[in-house]
Amino acid sequence: MIFKFEIKALPLLALLHRLNSRRHDFSFDLKSELLYLHLFLLLLLLPLPVMAGEISGYAEAKGFAYAERWPGRDNRGLGWGTLFTKWEEMLGETQFTASLRGEGITSGEQQGVLDFDPADRRLRRSPVSVRDLWLRIPLNSTHDLQLGRFQLGWGKTDGYSPADAFLPRDLTDPFADEKLPLWALRLNGYNGALRYEVVASPVTTPWRLPPLGSRNAPIHAGSFPSGTVFNEVASSPPDIGFAAVRLQSAFGDWEVGGWGRAGVRPAPLLEFRIDQAISTTTGFSIPVERRYAREEAVGIELSRIIGSWIVRGEGAALFSRDCDLGNALIGSLSAERGFGDGTFLITLAGNAISPPVDASQLFDRAILPAVIAAWNRTEEWGEWKLVWSAGLKHGDGMLKGEAGYNISDIWKLTLGGELPYGSEEGVYGALNTARRVHVALRRSW
Amino acid sequence: MYLTGKITKTLFLLALAALLATFSGLAFAADARALLKESESRHRTKTQQYAGELTVVNKEGKIRKKGWKSFREGYAGDAKNLIRFTDPPEVKGVGFLSVARPGAQNPDQWLYLPSMKRERRIATQDRDSSFVGTDFSYEDMEEFDHEKYKVELHGEQLVDSFPCYVIEAKPLEKKGKSTYEKKILFLRKDNLYLLREDLYRKGEKEPGKRMILSDLQQVGGHWVARKMEMKDLKKGSTTTVLLKEILFDKPQPVSRFTLQNLNREGGE
């Protein structure tokens, strides 16, 4: 997701002279924080005797090489180290799962300080985060109650589903499409062919954005002199989250579903406080605040097996009284089929209502209208994946390819690249300078 | 007159031969069906579960290990299967559910991928695809139900030094679509246990795949092959499953074979 703004008139700026101080919020004592992080990560690796359940995880070293250096901020190379460990335990009939992720990113700007951020509500991702911490309690033979911190999945990977699109993502790496886990309570059950699910997330987990003005979130500052920076204010997201209900049923080759949700939309609305802009020695600094709108939504989904294809149609109506968000009528049509050891998925999605603001500011609907084609396949040596996403409004798009080679059952080497192209007016084209290739080595256990 | 009598006699003999051939064919078919019915009757169990240790060896000899837990309720035409991968980390948690549709065509099949957090339905035509990087296809994961096949006895043959009935089974299109044109089954004569299955893809004269069951043992009063091999004769690869911790007729939870259970992350 990209941000691009044309800011034309700023009469107050000339009067402002205070130096930008907000950026210091993200500075930290690197040495001591890294020491704590290393000690903590070492602790995670120890097979503690109390952990009688299953422990799995991986360690991964990833390197990125960008086609261009982003002026003044981002280097051409980036390193990313991850240590992930998961503990799964059956406590009688109750499933307990906990997982932790430790990370080190060579770009200090993309990573926050090591602090307690159990709900992922800080602006930047913490070097250590809880990915899972949940219990699933069977209430009876047909109903489960899950509570804690876990990830929801209501859509297709590499597709677009209006039921799933609003769920919070971490866009620190805008190409990764990483979902954030939620603190939530989920009751799911079934009665014959009918499946139902009720989810209540008592606290908002906001979308995490890349540093504004960086290569991953370029902002076109229009008439601003070069050197203008955007100062992200760490505003607190609302405490309440959202509630949702989902019903699904199968009738032979047909699957039918419906859902509804209400509450706080986790994607922020950005407010550029031009009235509080200040001039600095290098240009201007504009504070950017975030606010969160309430939204209600209902949707239907219908899928059917037609020959070799599974065809799925989804429609959703989203209502908001927020003047910047407005209403939306989103539809998607997708077709999926297996090819050998892989699948091909093509999705067409669009919003029938033009948003009041530039769609790129709305995150979960920024790419619309779009067509996405994804092809993945498992080979004897590993697997590969190709994704082509095209924005239909601005004629931009992105090609993404990745191949994973299984060196052994536990070692894997992955090579890949992302190639955004086209008009910088579009969300993909705006990432032109973020074209890159990457290589990763993972050791799983 | 003589000529007419000769023609009549020849026609009579031909008709008799045709009738005999037809009846003998029916007899073979009846024998094959009876054998398969008897085999199902002998080996039917209410439930079965085991832990499978898989070894996939490709043409170059590269070895990949996998592990799964398998649960079955019912048998043949009323079977429900759930498989959950336990190893390696790349596929851990992947689940597969197959539910027979009684009296109908192909079973319903779904695959659960932990990365997606939801299930994906397997279309009938996808059933030739490899099952999670093994030499089994989705269709191979179905229980064999002889009622969906036209069967015929093709004599006897030794398999692994055991005399076996050789039965040809051709899928009945009205009973479901198959990626195979025919299957040749080798049933051990003494206990009617399946020892080998040659699988012919459509339009092919040679078997494309071969399944071999060996290391037969009695567990809980039931015969079971502790070793199951699927050879892809075209690709030159083999998947071997060693069955461990086998249990028969253990009552399974009511919800075991449901989509809700398939979607249970970390569940069985």
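The values are calculated or read from the model by the stated rules, or taken from the named source; none is laboratory data. As the structure is a prediction and not an experimental result, all values here were calculated from the model. Here the Cβ is made from the backbone with ideal geometry for all residues, glycine too, and neighbour counts use every protein chain on show. SASA here: full protein model, heavy atoms, side chains in, ligands and nucleic acids out. Shrake-Rupley method; radii C 1.70, N 1.55, O 1.52, S 1.80 Å.
Among the residues of segment A:119-161, those that are open to solvent by 40 Å² or more (accessible area, probe 1.4 Å), assigned to a loop (DSSP other than H, G, I, E, B) and more than 12 Å from chain B (Cβ to nearest Cβ) comprise A:Arg121, A:Arg122. Criterion first (assigned to a strand (DSSP E or B) and more than 14 Å from chain B (Cβ to nearest Cβ)) does A:Arg101 satisfy it? Yes: the conditions hold for A:Arg101.
When we screen A:Thr205, A:Thr157, A:Thr97 for residues that are within 18 Å of the chain's Cα centre (by Cα), within 26 Å of A:Gly57 (Cα to Cα) and at pLDDT 90 or above, the only hit is A:Thr205. In segment A:383-419, the residue that is farthest from the chain's Cα centre (by Cα) out of those that are under 30 Å from B:Lys65 (Cβ atoms) and of a type in the set (Ser, Thr, Tyr) is A:Ser408.
Per-residue answers, yes or no, for (1) aliphatic (A, V, I, L, M); (2) open to solvent by 20 Å² or more (accessible area, probe 1.4 Å); (3) more than 14 Å from chain B (Cβ to nearest Cβ):
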residue: A:His394; (1), (2), (3): no, yes, yes
residue: A:Ile407; (1), (2), (3): yes, yes, no
residue: A:Glu424; (1), (2), (3): no, yes, yes
residue: A:Val427; (1), (2), (3): yes, no, yes
residue: A:Leu431; (1), (2), (3): yes, no, yes
residue: A:Arg442; (1), (2), (3): no, yes, no
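Screening A:Glu295, A:Glu289 for residues that are open to solvent by 20 Å² or more (accessible area, probe 1.4 Å), away from chain B (no Cβ under 14 Å), under 23 Å from the mean Cα position of the chain (by Cα) and among the acidic types (Asp, Glu) leaves exactly one candidate, A:Glu289. Residues of segment A:100-128 that are of a type in the set (Gly, Ala, Ser), modelled with pLDDT under 85 and closer than 22 Å to A:Arg442 by Cβ: A:Ser107 alone. Kindly state which strands (runs of 3 or more DSSP E) lie completely within segment B:34-148 and contain at least 2 residues that are more than 10 Å from every other protein chain (Cβ to nearest Cβ). Filter on segment B:34-148 gives B:47-57, B:63-73, B:80-87, B:95-99, B:108-113.
Output yes when any residue across segment B:166-182 is within 14 Å of chain A (Cβ to nearest Cβ), modelled with pLDDT under 95, open to solvent by less than 70 Å² (accessible area, probe 1.4 Å) and closer than 28 Å to B:Glu152 by Cβ, and no when none is.
Residues of segment B:166-182 within 14 Å of chain A (Cβ to nearest Cβ): B:176-177, B:179.
Adding the requirement that they be modelled with pLDDT under 95 leaves B:176-177, B:179.
With open to solvent by less than 70 Å² (accessible area, probe 1.4 Å) added as a condition, the list becomes B:176, B:179.
This time we only want the ones that are closer than 28 Å to B:Glu152 by Cβ, so: B:176, B:179.
Yes: segment B:166-182 contains one or more residues that are within 14 Å of chain A (Cβ to nearest Cβ), modelled with pLDDT under 95, open to solvent by less than 70 Å² (accessible area, probe 1.4 Å) and closer than 28 Å to B:Glu152 by Cβ.
Inside segment A:178-192, residues that are more than 9 Å from chain B (Cβ to nearest Cβ) and touching a residue at least 12 places away in the same chain (Cβ under 8 Å) make up a count of 9. Condition (residue is touching a helix residue (DSSP H, G or I) at 6+ places or on another chain (Cβ under 8 Å), open to solvent by less than 40 Å² (accessible area, probe 1.4 Å), within 19 Å of B:Gln49 (Cα to Cα) and modelled with pLDDT of 90 or more) applied to segment B:214-224: is it met by at least one residue? Yes, segment B:214-224 has at least one match. Restricting segment A:389-414 to residues that are hydrophobic (A, V, I, L, M, F, W, C) and in a strand (DSSP E or B), the residue that is farthest from A:Ala440 (Cα to Cα) is A:Ala390.
Is it true that some residue in segment A:299-309 is farther than 30 Å from B:Thr179 by Cα, surrounded by 16 or more Cβ atoms within 10 Å (Cβ to Cβ) and within 20 Å of the chain's Cα centre (by Cα)? No, segment A:299-309 has no match at all. One residue stands out in segment B:202-242 among those that are free of Cβ contacts under 8 Å to residues at least 24 places away in the same chain and more than 22 Å from B:His43 (Cβ to Cβ): the one that is nearest to the chain's Cα centre (by Cα), namely B:Lys202.
Evaluating B:Leu242 against the criteria (1) away from chain A (no Cβ under 14 Å); (2) open to solvent by less than 40 Å² (accessible area, probe 1.4 Å); (3) among the hydrophobic types (A, V, I, L, M, F, W, C) leaves one unmet condition, (2).
Okay, residues lined up against (1) open to solvent by less than 40 Å² (accessible area, probe 1.4 Å); (2) in contact with a His (Cβ under 7 Å, 6 or more places away or on another chain); (3) among the charged types (D, E, K, R):
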| site | (1), (2), (3) |
| --- | --- |
| B:Lys66 | yes, no, yes |
| B:Glu73 | no, no, yes |
| B:Leu82 | yes, no, no |
| B:Val94 | yes, no, no |
| B:Asp126 | yes, no, yes |
| B:Ser130 | yes, no, no |
| B:Asp135 | yes, no, yes |
| B:Leu153 | yes, no, no |
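Check whether at least one residue in segment A:418-439 is farther than 26 Å from B:Val56 by Cβ, assigned to a strand (DSSP E or B), among the aromatic types (Phe, Trp, Tyr) and touching a residue at least 24 places away in the same chain (Cβ under 8 Å), and report yes or no. For segment A:418-439, residues farther than 26 Å from B:Val56 by Cβ, assigned to a strand (DSSP E or B), among the aromatic types (Phe, Trp, Tyr) and touching a residue at least 24 places away in the same chain (Cβ under 8 Å): present.
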